[in-house]
Amino acid sequence: MERYVRTTELVDGFRQSAPYVNSHRGKVFVVMLSGEAIGQPGFKDIINDIALLNSLGIKVVLVYGARPQNNQAVDSAGLISKYHKRIRITDDSVLRTIKQVAGELMLDITARLSMSLGNTPMQGAQINVISGNFVIAQPLGVDEGVDYHHTGKVRRIDVQGIKRQLDSNGIVLLGPIAASVTGESFNLTAEEIATQVAIKLKADKMIGFAEGNGIQDENGEIIAELLPNDAEQIMLQLSEDADACSGEIAFLNAAITAARAGVPRCHLVSYQINGSLLQELFSRDGIGTQIVTEPAERLRSATISDIGGILDLIRPLEEQGLLVRRSREQLEMEIDHFVLIERDGLVIGCAALYPFESEQMGEFACLAVHPDYRDADRGQAMLRHIMLKARQRNYKQIFALTTRSIHWFMELGFRIGQVDELPSKKQALYNYQRNSKILVFDL
């Protein structure tokens with residue numbers, strides 16, 4: 001009888017999971033495996049579960065961290081880690097130490113994913129694990145006179161390179177050390193890498209592990225689902241709590257950024273509960289907390305009622321000298337030239353197309369995106385919309401004047417232009433002291 005009950009539970013569980021197996025097949029999941037998770041006794045089971053995702057046709061990018069392992073290695077080497085604004089300063093000695101740690105972890109994870117012994121969950125598995133220079137880094141630089149040395153941030157993601165490996169059914173393994181275009185190595189956080197990879201890949205899910213199984217409410221109950229704004233409030237509360245789990249705070253920060261940039265689901269599960277990853281993904285109610293995307297955005301033409309929102313968006317950039325200052329009165333007269341992206345009543349992006357009909361040209365101007373929403377190519381979306389409008393008006397070219405975003409325009413097909421290529425009215429107004437670069441796109 002007992003055996004019959006166990007068999008029935010197995011069948012019921014398998015039937016319940018079948019719809020999720022079908023819906024997840026072919027999707028891209030970015031799994032963030034913290035150093036704390038790697039250090040747990042159940043680490044091997046987590047790796048087995050990640051391998052199972054691969055066997056079910058899910059495209060997995062695995063990003064591992066090494067914070068506690070780095071701390072231990074640095075201490076063992078007799079080095080002292082210095083911090084500025086809670087960010088590790090990675091000098092040459094520290095970099096040499098943590099490169100060894102990252103390399104060892106990469107080999108250990110690869111070996112675990114390569115296991116195919118009989119009588120284990122990996123029996124018969126043949127998984128290609130691919131690591132490489134998919135993430136290009138750049139230095140954090142100097143802040144308030146403090147040089148971060150080899151501490152860096154993400155500059156670029158080789159999206160197509162990662163996709164090729166995922167399409168070949170491989171698991172892409174990314175660590176916290178990344179190279180730069182100058183051939184240097186930089187220390188990054190796993191949270192930032194996972195977030196940026198999930199955003200750029202347009203991943204279907206980002207998954208993280210922490211000590212607790214999700215985020216708890218004031219009654220100690222797991223919160224199944226959070227919108228980014230609600231998650232942000234909880235993160236701020238946790239940040240003020242000295243006893244709060246740093247892993248939860250780091251995940252919430254990453255998940256909020258990813259969700260606002262369009263990643264539909266970000267899941268947090270426990271590295272202490274065996275099988276929490278599978279329970280979260282393949283059961284009806286899940287087991288952890290997921291951060292879900294907010295209601296869809298809308299790209300539309302601006303109206304007079306949007307003046308206040310546009311001013312709030314562009315004033316900080318005007319004060320930094322990145323945009324030419326516009327008065328409210330000028331905006332009111334030019335509002336028909338503007339398009340914007342609206343999210344829950346908030347203007348999070350704007351741009352303008354100024355017409356020069358006699359020369360069949362248009363100026364792409366006043367591009368601004370809210371700081372919290374700069375990771376999902378919203379600027380490109382507005383540029384494509386304005387290019388469409390320009391073509392509908394039979395313009396031959398559009399141009400832009402910029403002091404900071406030269407490479408962004410060039411990567412999108414613009415070329416460097418000269419002042420004499422501008423419309424005559426624009427030539428007369430060109431500010432040689434500001435010395436803006438002229439970018440031209442031939443339609």
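The values are calculated or read from the model by the stated rules, or taken from the named source; none is laboratory data. Note that this is a predicted model, so its numbers are computed, not measured. Using ideal geometry, Cβ is built from the backbone for each residue, glycine included, and neighbour counts are taken over all protein chains shown. What goes into the accessible areas is simple: the full protein's heavy atoms, side chains included, and nothing from ligands, DNA or RNA. Shrake-Rupley method; radii C 1.70, N 1.55, O 1.52, S 1.80 Å.
In sequence order, what are the phi-derived ³J(HN,Hα) couplings for the range 156-172 according to the Karplus relation 6.51 cos²θ - 1.76 cosθ + 1.60 with θ = phi - 60°, rounded to whole Hz, with x for glycine and proline?
Per residue, the Karplus-derived 3J(HN,Hα) values read 8, 10, 7, 4, 5, x, 5, 4, 4, 5, 5, 5, 8, 6, x, 9, 8 Hz.
Using protein chains only and a probe of 1.4 angstrom, how many square angstrom of F251 are accessible, to the nearest 10?
10
On full extension of the chain, what length is gained from E225 through N435, given 0.36 nm per residue of separation minus the C-alpha to C-alpha distance?
70.6 nm
Quick check: pseudo-label points 7 Å beyond the Cα along Cα→Cβ at R86 and H407, how many nm apart are they?
2.9
Computing the accessible area with a 1.4 Å probe over protein heavy atoms, can you report the carbon and sulfur percentage for the chain?
Of the solvent-accessible surface of the chain, carbon and sulfur hold 48 percent.
Towards the positive end of the charge dipole of the chain, with charges on Cβ (+1 Lys, Arg; -1 Asp, Glu), say which of I199, T289, L353 has the farthest Cα.
Value: L353.
Where does the Debye-calculated log10 I(q)/I(0) of the range 286-388 sit at q = 0.15 Å⁻¹, using only Cα point scatterers of equal weight, no solvent?
The Debye formula, applied to the Cα set alone, gives -0.62.
Based solely on its DSSP helices, what 222 nm [θ] is calculated for the chain when runs of n ≥ 4 H residues each add -39,500 (n - 2.57) and the sum is averaged over all residues, nearest 500 deg cm²/dmol?
Per the formula, -12000 deg cm²/dmol.
Would you mind checking the tilt of helix 307-319 against the longest principal axis of the Cα atoms of the chain, expressed as 0 to 90 degrees and rounded to 10?
Taking the Cα atoms of the chain, the angle to 307-319 is about 90 degrees.
Per residue, what volume in Å³ does the Cα convex hull of the chain take up?
Hull volume over Cα atoms, normalised by residue count, gives 185 Å³.
Please report, in debye to the nearest 20, how large the charge dipole of the chain is about its Cα centre when each Lys and Arg carries +1 at its beta carbon and each Asp and Glu carries -1 there.
1700
Could you please state, rounded to a whole Å, how far the C-alpha centre of the range 262-320 is from the C-alpha centre of the range 342-378?
So the two Cα centres are separated by 21 Å.
Report P(r) for the range 7-137: all Cα-Cα distances, bin width 5 Å, range 0 to the bin holding the largest distance, values in whole percent.
P(r) over the range 7-137, rounded to whole percents: 2, 8, 15, 18, 17, 14, 10, 7, 5, 3, 2, 0.
Would you mind telling me which residue in E192, E36, E240 has the biggest mean-square fluctuation in a Gaussian network model of the chain, where springs connect alpha carbons within a distance under 10 angstrom?
E240
Using 0.36 nm per residue of separation minus the Cα-Cα distance, give me the extension gain between S327 and R15 in nm, one decimal.
So the extension gain works out to 106.1 nm.
Report the FRET efficiency, 1/(1 + (r/R0)^6), for R155 and I416, where r is their Cβ-Cβ distance and R0 is 25 Å, rounded to 0.05.
Calculated value: 0.70.
Can you give the charge dipole size of the range 104-206 about its Cα centre, rounded to the nearest 20 debye, using +1 on the beta carbon of Lys and Arg and -1 on the beta carbon of Asp and Glu?
520
Work out the charge dipole of the chain with +1 on the Cβ of Lys and Arg and -1 on the Cβ of Asp and Glu about the Cα centre, then indicate which of A258, I416, I38 is farthest towards its positive end.
Most positive-ward Cα: I416.
Under 5 Å between amide H atoms, partner at least 5 residues away or on a different chain: which partners does I89 have, H built in plane at 1.01 Å?
When sequence neighbours closer than 5 places are left aside, the close amide H contacts are K82, Y83, H84.
Say each of D442 and Q237 gets a label point 7 Å from the Cα, pointing the same way as Cα to Cβ; how far apart are those two points in nm?
5.9
Kindly report the accessible area of the chain per residue (heavy atoms of protein chains, probe 1.4 Å, no ligands, DNA or RNA), in Å².
Heavy-atom accessible area per residue stands at 51 Å².
When the Kirkwood radius is taken over all Cα pairs of the range 205-272, what Stokes-Einstein diffusion coefficient follows at 10 °C and 1.306 mPa s, in µm²/s?
133
Of the chain, which part is the longest with no trypsin sites (Lys or Arg not before Pro) in a loop (DSSP not H, G, I, E, B) and with at most 10 other C-beta atoms within 10 angstrom?
Within the chain, the longest run free of exposed trypsin sites (Lys or Arg not before Pro) spans 87-283.
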